[in-house]
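Right, one structure below, let's go through it.
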Amino acid sequence: RKEVEQDPGPFNVPEGATVAFNCTYSNSASQSFFWYRQDCRKEPKLLMSVYSSGNEDGRFTAQLNRASQYISLLIRDSKLSDSATYLCVVNGYSGYSTLTFGKGTMLLVSP
Amino acid sequence: DTAVSQTPKYLVTQMGNDKSIKCEQNLGHDTMYWYKQDSKKFLKIMFSYNNKELIINETVPNRFSPKSPDKAHLNLHINSLELGDSAVYFCASSLGAGEPRWSFFGQGTRLTVV
């Protein structure tokens with residue numbers, strides 16, 4: 001089982017749609033969780049952290065279920081500029097903190 | 001000003017050659033990383049240095065040798081390049097070894113071995 005698994009993509013949605021990405025992680029000792037965004041042929045950038053109580057940043061809502069080891073990202077009112085690959089990232093600890101990345105789910109928003 | 005800069009951005013080389021990728025950060029961070037993103041898009045950590053000290057060394061062939069002359073620089077030297085080394089290599093930095101979440105990435109070096 002991969003350490004961080006995400007929905008295979010790509011997701012093709014029209015502008016204005018709501019889209020949800022799912023992610024599961026295998027290490028129950030994982031400490032913190034994030035979503036990164038990676039545009040085509042660019043570097044990954046932190047989109048938002050994910051907190052146990054759930055958190056929102058504008059059109060983006062992240063949820064964490066530690067019992068199920070499940071993380072989600074909801075994007076409302078999709079914009080063309082949201083087209084990118086969304087990476088689920090888990091911060092574990094094995095001596096030192098390390099980030100473990102999922103493969104990513106590509107989102108394509110069309111006019 | 002670019003926070004984390006890598007050079008070169010593209011590198012095409014023949015099998016068997018030795019090449020280096022340079023990375024510099026101007027954020028004053030203590031910790032720097034090298035990641036590899038292969039053709040299947042998985043981004044995996046290779047090495048991490050904290051204040052010039054190697055702290056993470058994942059299962060990477062010993063043809064790969066990182067060097068950190070100071071905490072603002074982390075270079076990656078690769079000997080005897082193989083076809084399977086073709087990938088995008090990202091340098092990153094974070095404030096400290098305990099906070100990789102706040103990682104800033106360089107723009108990547110796209111290495112193609114022919």
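Read-outs: derived from the displayed coordinates by stated rules, not from any lab. Bear in mind that the values here come from a model prediction, so they are computed numbers and not experimental data. A quick note on method: Cβ atoms are made from the backbone with ideal geometry, for glycine too, and the neighbour counts reach across all protein chains shown.
Give me B:65, B:86 ranked fewest to most by other Cβ atoms within 10 Å of their Cβ, as a rough exposure proxy.
B:65, B:86
Answer rounded, prolate or oblate for region A:1-66, using the Cα gyration tensor with square roots of eigenvalues a ≥ b ≥ c: rounded when a/c is under 1.5, else prolate when a/b is larger than b/c, else oblate.
The shape class here is prolate.
7 Å from Cα along Cα→Cβ at both residue B:7 and residue B:79: what's the point-to-point distance in nm?
2.6
Hey, fewest Cβ within 10 Å first, where do A:71, B:21, B:55 land in order?
Least to most surrounded, the residues fall as B:55, B:21, A:71.
So what is log10(I(q)/I(0)) for chain A at q = 0.10, 0.17, 0.22 1/Å, when the Debye sum runs over its Cα atoms only?
At q = 0.10, 0.17, 0.22 Å⁻¹ the computed log10 ratios are -0.27, -0.76, -1.22.
In Å, what is the Rg of the alpha-carbon atoms in the protein assembly as shown, and how long is Dmax?
17.7, 52
Points 7 angstrom from Cα along the Cβ direction at residue B:51 and residue B:39: gap in nanometres?
Placing both labels 7 Å beyond Cα along the Cβ direction yields 4.3 nm.
Give, in nm to one decimal, the length gained when the segment between residue A:59 and residue A:41 is fully stretched (0.36 nm per residue of separation minus the Cα-Cα distance).
4.0 nm
How big is the charge dipole of the protein assembly as shown about its Cα centre, in debye rounded to the nearest 20, if each Lys and Arg gets +1 on its Cβ and each Asp and Glu gets -1 on its Cβ?
300
Hey, fewest Cβ within 10 Å first, where do B:73, B:29 land in order?
Ranking B:73, B:29 by Cβ neighbours within 10 Å, fewest first, gives B:73, B:29.
What translational D, rounded to a whole number of µm²/s, comes out for region B:11-114 from Stokes-Einstein when the hydrodynamic radius is the Kirkwood one over Cα pairs, at 20 °C and 1.002 mPa s?
157
Over chain B, what is the relative contact order in percent, taking alpha-carbon pairs closer than 8 angstrom and at least six residues apart?
36
Please compute the contact order of chain A in relative form: average sequence separation of alpha-carbon pairs under 8 Å and at least six residues apart, divided by the residue count, as a percent.
This gives 37 percent for chain A.
As an exercise, identify the trypsin sites (Lys or Arg not before Pro) in region A:34-106 lying in DSSP coil whose Cβ has no more than 10 other Cβ atoms within 10 Å.
A:41
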